[in-house]
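Scroll down for the structure; my scribbles are underneath it.
What follows is calculated from the coordinates using simple rules that are stated; it is not laboratory data. All values reported here derive from a predicted model rather than from experimental measurement. In this analysis, Cβ positions are derived from the backbone assuming ideal geometry, glycine residues included, and neighbour counts consider all displayed protein chains.
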Ligand code: PMP
Ligand code: GLU
């Protein structure tokens, strides 16, 4: 028998990627599936970024790069942080990795010891709790329901922190809910964190630019906690570059050094060509970012309007990212023919089988009773998907 480590056995596979694969398999069999499962922009990478990558190949950017990424890219990221976020980071505090996912995992593995507690407001993106499990840490989930717009209160945060809390992972704009904490709401959480100096703050800012509130506040901009905030961001969402795999951290020097050491042993550097493309993204014109943001906002309005017409779906009005996270408990316990809906996961499977629409079970985001819809797709797809969902749900009784 081949031995698989307990570490990997205890890990759940990424539910977002699994559902997307299932949807692609059905598509390959000729089924007309609308994929609202995986969250990635449906736009092509802007041309000036693609040109930079082509040039990088011709100019022989084909050798190992520094582990933390080319100095020119780290300078471009530092300039972005200064210009867009008003933050001062030296290139030595920036580590570029193979996507924000690797950046997050580097930080968790570099800072969490077995038994340490990690506070995670939920609903939370699928990979956080799994990364904490990999590090041997203990997940402390802090649930926020749709009634509180999926945002945790300062009282909830205070109650979750103990002497053993090492890290908190905050994501705003949020995957999977699209909720965005206002500056005042962040300040209230920061006031709590300021009382607990042992807690490091991992701020996942990957949806910074897909934001419909008109302003974005980085947690690193609060002086009370700035010296223990790690920013994670990257090019995947803002520049429609999910496949290029470039993310970064901006961190206190000791953490940047630890991530650099870890990465040196297990991936070396992120792709040299993708790094040059990312450099062009940060240095180049930013109109493409705004154009995509505007499209996502229009689609948000459309999907919310259509979802509100479906009886039994409870929705909020997401202020960012490209997800809708309806509460579906009205359908739990219902059936169609032999199919019994025992959970939101069953409902997601039913919608795939009956409506040929792929969504994701909220349980994957530590929020049973909900499903996630990614509306990063065309207006026509959104209309057709919502029409099909409405019809399939109407068959349940
Ligand atoms: N954080 C969140 C909240 C995300 O939604 C994603 C995308 N799945 C990531 C991190 C990882 O992004 P990347 O593609 O850069 O690894
Ligand atoms: N942001 C995407 C999602 O949540 C990426 C998939 C993943 O990395 O899990 O669907």
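Would it be correct to say that residue 371 is touching a strand residue (DSSP E or B) at 6+ places or on another chain (Cβ under 7 Å), surrounded by 17 or more Cβ atoms within 10 Å (Cβ to Cβ) and not in a helix (DSSP H, G or I)? Considered against the rule, which asks whether it is touching a strand residue (DSSP E or B) at 6+ places or on another chain (Cβ under 7 Å), surrounded by 17 or more Cβ atoms within 10 Å (Cβ to Cβ) and not in a helix (DSSP H, G or I), residue 371 comes out as yes.
Determine, yes or no, whether residue 69 is within 16 Å of ligand 2 (Cβ to nearest atom) and buried (at least 20 other Cβ atoms within 10 Å of the Cβ).
On the way: within 16 Å of ligand 2 (Cβ to nearest atom): no; buried (at least 20 other Cβ atoms within 10 Å of the Cβ): yes.
It is false that residue 69 is within 16 Å of ligand 2 (Cβ to nearest atom) and buried (at least 20 other Cβ atoms within 10 Å of the Cβ).
When region 1-34 is filtered for residues that are within 16 Å of ligand 1 (Cβ to nearest atom), touching a residue at least 24 places away in the same chain (Cβ under 8 Å) and not in a helix (DSSP H, G or I), the ones remaining, listed by number, are 12, 14.
Per-residue answers, yes or no, for (1) surrounded by fewer than 21 Cβ atoms within 10 Å (Cβ to Cβ); (2) in contact (Cβ under 8 Å) with a residue 24 or more places away in the chain; (3) touching a strand residue (DSSP E or B) at 6+ places or on another chain (Cβ under 8 Å):
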| position | (1), (2), (3) |
| --- | --- |
| 79 | yes, yes, no |
| 86 | yes, yes, no |
| 93 | no, yes, yes |
| 106 | no, yes, yes |
| 109 | yes, yes, no |
| 121 | no, yes, yes |
| 155 | yes, no, no |
| 158 | yes, yes, no |
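Here 12, 23 are screened, and the one residue that is within 16 Å of ligand 2 (Cβ to nearest atom), surrounded by fewer than 17 Cβ atoms within 10 Å (Cβ to Cβ), within 22 Å of the chain's Cα centre (by Cα) and closer than 30 Å to residue 326 by Cα is 12.
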